[in-house]
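As structure tokens, the structure follows; a few thoughts come after it.
The values are calculated or read from the model by the stated rules, or taken from the named source; none is laboratory data. Keep in mind it's a predicted model, so treat the numbers as computed, not measured. Cβ sites come from the backbone with ideal geometry, for glycine too, and all protein chains shown count toward neighbours. In case anyone asks, the SASA skips ligands and DNA or RNA and just uses the protein heavy atoms, side chains included. Shrake-Rupley method; radii C 1.70, N 1.55, O 1.52, S 1.80 Å.
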Amino acid sequence: MLKNYTEVVERLQQTLGKGFAEEPWTLNLPGKSIACKIDQYYYLAVMPAFIERLGRMGGMFPDQVQEALVKTGNLITRAPERDPLLSLSVGWGGKGVTIKGAFVDADFIDRAVKTYGGLPSVLNVSDLKISEHEREKVEAFFEGKTPPQSLAYY
């Protein structure tokens, strides 16, 4: 039986938007949030926290959440392994840490906060930046796709 990933994604957007409306620190606050916007195309999600939190909010198992987001292209992966995880050095406000992250298509989160979270517009780019030393790794990961813009790095 074929799964309807569009319905799953819609449900995840609804719960993410509602969760954001109740707890705005869920998104875009480096060091607290499960995902921060790094440029107009992508959010960088802290893994596995992002998938686990979405699963809890949407009443789904984390592996179901990840599968739906990967299959619909909302969680960026690299062929052939389709693994969205990448270990990256990131920083904000003078702090630097290494995280396991995943790139999320900004449209998925922006639509969630606008449509279901009550925001009049999409979120601005956060203070979270990826270390310039990681640029080559990130661009290799995005081979054949649009990589994050220069403003995503420090």
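Solvent exposure of the chain amounts to 53 Å² per residue of accessible area, where only protein heavy atoms count and the probe is 1.4 Å. Each of Lys100 and Glu143 was given a label point 7 Å from its Cα along the Cα-to-Cβ line. The distance between the two points is 2.3 nm. Nearest 5 percent is fine: what portion of the DSSP beta bridges confined to the chain is antiparallel? Percentage antiparallel, nearest 5: 90. Distances between placed amide hydrogens fall under 5 Å for Ser131 paired with Ser89, Val90, Gly91, Tyr154, all partners being 5 or more residues away or on another chain. About its Cα centre, the dipole of region 7-154 is roughly 260 debye, where the only charges are +1 on Lys and Arg Cβ and -1 on Asp and Glu Cβ. Distance between the pseudo-spin-label points of Ala79 and Asp127 (7 Å out from Cα toward the beta carbon): 4.0 nm. One compactness figure for the chain is 0.98, namely its Cα radius of gyration divided by 2.2 N^0.38 Å. Distance between the pseudo-spin-label points of Gln14 and Gln40 (7 Å out from Cα toward the beta carbon): 3.1 nm. Here the chain exposes an accessible surface that is 52 percent carbon and sulfur, computed with a 1.4 Å probe and the other protein chains kept in place.
Couplings 3J(HN,Hα) of region 8-15, computed from phi: 4, 4, 4, 4, 5, 5, 4, 5 Hz, in residue order, whole Hz [Karplus 6.51 cos²θ - 1.76 cosθ + 1.60, θ = phi - 60°; x for Gly and Pro].
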